[in-house]
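J.: Dumping the structure here so I can ask a few things about it.
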Amino acid sequence: MRTLKDLFRDYRFCVSFGVLVIIVILALLSNFSPYDPTLWNVVPRDTKPSAEHWLGTDSNGQDIFWQATFAVRNSLIISLIASLISRTIAIIVGMIAGYRGGITDRVLMFVGDSLLVIPIFLIMVMLAMLVRQFMNLVVLGLMLSAFGWAWDARLIRSIILSLRERDFTKTAILSGTGTIKLVLNEYMPFATPLIFSTLINNIAWAIGLEMTLAILGLVDLNIPTLGTMLNWALFYQSILLGRWWWILTPVVLSLMLFVALYWLSVSISEYLDPRTRIQRVGAQ
Amino acid sequence: MTFVKRYLIPRLIQYVLVIWLGITVVFLIPRITPNDPVMRMIDQMQARGSTLEPGTMDAIIRDLTQMYGLEGSWLDQYWAFWGRLFRGDLGVSFFQFPTRVNKLIFTAMPWTLGLLLTTTAITWTLGNIIGGLAGYYSRKGWSRILDAVAMVVRPLPYYIFAFMLLLIFAYVVRWFPITGGASLGAIPTFTWAFIKDVLWHSALPAISLIVLGGAVTFQTMKLLVQNINAENFVQYAKLGGVKENRIVGKYVIRNALLPQITGLALGLGQIFSGALITEIVYGYPGLGMLLYRAIVNGDYNLIMGITIFSIFGITTAILIVDLTYPLFDPRVRYT
């Protein structure tokens, strides 16, 4: 309770929390949609926002508001799959590299660092070109997770490295604690806050990359996501034709989402860092 | 000698290994995906309704099979793949048959290189100077305003940010052109008119890369400077009556620059990808646009060529940045 109260003292936390609640509600609303998101021409085309269609309709004959609820939901699903799996990889890699050290550490960190250096975006484009017809939310999430773990594995490794030298490690080993138990029970609590804040960043990263791939037409365009919505809006020249309600919906939604996720992560990690926390909430 | 042994040689080994890993991934991708890329290309081509003479078709199939190295065992394929790369042969473009991928890349490259080098130089210099000053004077009003701006810009993906700038500055208030690298039909010459035309077309892509990249540099630099500010030697210099300008310029910013050089090296891959995406938004005729056309036309060979070329380019650029590091850090030079 106290933690929450301290967090809410930061205006950035309040704003981002509020925005994310709205976005999650939007995503949940998709369950009550009167229209099937995969069907076209269910409503009149290209009408302006009105009482009946809150955000107007698009050139495919879909209601933009309800389409947006599905888009937000699917974008969140993809990014959650991607970030949860890549977190698992990052934790395993980081812990093994940090705990084993030596040649294992070098090899794992080399692979991780290479992933940071190599233009992942282009590799993803190549992959997406080849698995295009199998592309769905899960495949895309898996693809993103395969490339999104490198930086965070390095962070987790650095924590483990410093923990390994502490006295309690030796006590645990001498009293017969197994490696796995030691890592999970003793080290995880130290790494959890960091993992949580990288999780948020990774969600944002995954949504951004999904949008980029969608705009290039490399995902299944019949599944509404923030990216595919934008793709359709661009495809039908909605800017030139002045259909601002269509093009602005995905742009504004993603803008809100990215800023909110970033502020949330900054706010939380500032709170977790004792040096900045004292500045914010004072020593207690 | 120790410098060569402890700094130079590990860097060079790493350089070679990263390239090896990257190219190996590129080699493996078409093999681990459940798809025969060659036949898929042919299908796609026919689906588009383009008719090819049987001879051309055979040539394409042969070329693609070779390029994907689908002849012989995986090991043979792997050797053949590297053999072609060492000869600098990236095969032919599938869509613009029989133009060689090399040629397409080298036509597009100057645009990307020009945009990337200028914006990265400006971003890094400006970001560090402004970030350094904002970190030193972090309680001033302008520092807080810049911080707030960076907080909003920083999380945006390249595409969204570039697209918003395009909407505002090319569609709503028409200050800049909507698309292209130069006016239609302009002939590339060294005249002032042409250069001005190119600069005008490059302004929005450049601004969007600079602001987005600058926000990151600004934030990291500001944080670094704030941390250094709290250190004893800065306090000592202040108490000793060293002039403020000298403290900021010689003591604080210089120390903070070291991690920023490493940061630049690590970030180059992302900056490059960002530039490609930004080019696509603005229809800027560099590698990004080439990539876009390759994707739209299903030209896998061209995409692979761009990827391979980029892996070489980025790792080399990072190596160069890494090698300049000793110029800034005497500790590396003398150990």
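J.: Relative contact order, percent, of chain B when contacts are C-alpha pairs under 8 Å separated by at least 6 residues? Kindly include the intermediate steps, with their values, before the conclusion.
T.: Numbers: 328 pairs, mean separation 90.6, N = 335.
Relative contact order here is 27 percent.
J.: Set the Förster radius R0 to 30 Å, insert the Cβ-Cβ distance between residue B:164 and residue B:118 as r into 1/(1 + (r/R0)^6), and round the FRET efficiency to 0.05.
T.: 0.85
J.: Ok, one more. About the Cα centre of the protein assembly as shown, what is the dipole size in debye to 20, counting +1 per Lys and Arg Cβ and -1 per Asp and Glu Cβ, all else neutral?
T.: Working: 47 positive and 33 negative charges, 458 e Å.
Dipole magnitude for the protein assembly as shown comes out near 2200 debye.
J.: Sort out for me the Cα centre separation of the range A:90-112 from the range A:203-224, rounded to whole Å.
T.: 31 Å
J.: On to the next question. Rounded if a/c is under 1.5, else prolate if a/b beats b/c, else oblate: with a ≥ b ≥ c from the C-alpha gyration tensor eigenvalues square-rooted, which is the protein assembly as shown? Let's see the in-between values first.
T.: Values: a/c = 1.37, a/b = 1.21, b/c = 1.13.
Because its axes are fairly even, with a/c under 1.5, the protein assembly as shown counts as rounded.
J.: So with the 1.4 Å probe, I'd like the accessible area per residue for chain B, rounded to whole Å². Walk me through the intermediate numbers first.
T.: Numbers: 16810 Å² over 335 residues.
Accessible area per residue, chain B: 50 Å².
J.: Label points 7 Å out from Cα along the Cβ direction at residue A:11 and residue B:107: separation in nm?
T.: Rounded to a tenth, the inter-label distance reads 5.3 nm.
J.: Using a 1.4 Å probe on the protein heavy atoms, what percent of the accessible area of chain A belongs to carbon and sulfur? Spell out each step's value before the answer.
T.: Values: 8660 of 12810 Å².
Using a 1.4 Å probe with all protein chains present, chain A comes out at 68 percent carbon and sulfur.
J.: Right, here's the next one. At 1.4 Å probe radius, can you tell me the per residue accessible area of chain A in Å²? Each step should come with its number before you reach the end.
T.: Numbers: 12810 Å² over 284 residues.
Spelled out: the 1.4 Å probe surface of chain A, per residue, equals 45 Å².
J.: For residue B:258, what charge total do you get from the other residues with a beta carbon under 10 Å from its beta carbon, if Lys and Arg give +1 and Asp and Glu give -1?
T.: Net charge around residue B:258: +1.
J.: Kindly compute the accessible surface that chains A and B hide from a 1.4 Å probe when together, both sides summed, and give it to the nearest 100 Å².
T.: Working: alone 14910 and 18820 Å², together 29620 Å².
Rounded to the nearest hundred, the buried surface is 4100 Å².
J.: Looking at chain B, identify the longest residue range that excludes and avoids all chymotrypsin sites (Phe, Trp or Tyr not before Pro) in DSSP loops having at most 16 other Cβ atoms within 10 Å.
T.: Values: sites that count: B:137, B:175, B:190.
Result for the longest clean stretch: B:191-335.
J.: Do the alpha carbons of any pairs in B:103/B:196; B:140/B:196; B:140/B:250; A:5/B:238; B:5/B:238 sit beyond 32 Å of each other, and which pairs? Provide the component values of the computation, followed by the final result.
T.: Details: B:103/B:196 27 Å; B:140/B:196 38 Å; B:140/B:250 21 Å; A:5/B:238 39 Å; B:5/B:238 40 Å.
B:140/B:196; A:5/B:238; B:5/B:238, as the Cα separations exceed 32 Å there.
J.: Tell me the relative contact order for chain A as a rounded percent, counting alpha carbon contacts under 8 Å between residues six or more apart. Provide the component values of the computation, followed by the final result.
T.: Numbers: 359 pairs, mean separation 75.4, N = 284.
Relative contact order, chain A: 27 percent.
The values are calculated or read from the model by the stated rules, or taken from the named source; none is laboratory data. No experiment lies behind these values; they were computed from the predicted model shown. No Cβ is skipped: glycine too gets one built from the backbone with ideal geometry, and neighbour counts run over all protein chains shown. Remember, those area values only see protein heavy atoms, side chains included, never the ligands or the DNA or RNA. Shrake-Rupley method; radii C 1.70, N 1.55, O 1.52, S 1.80 Å.
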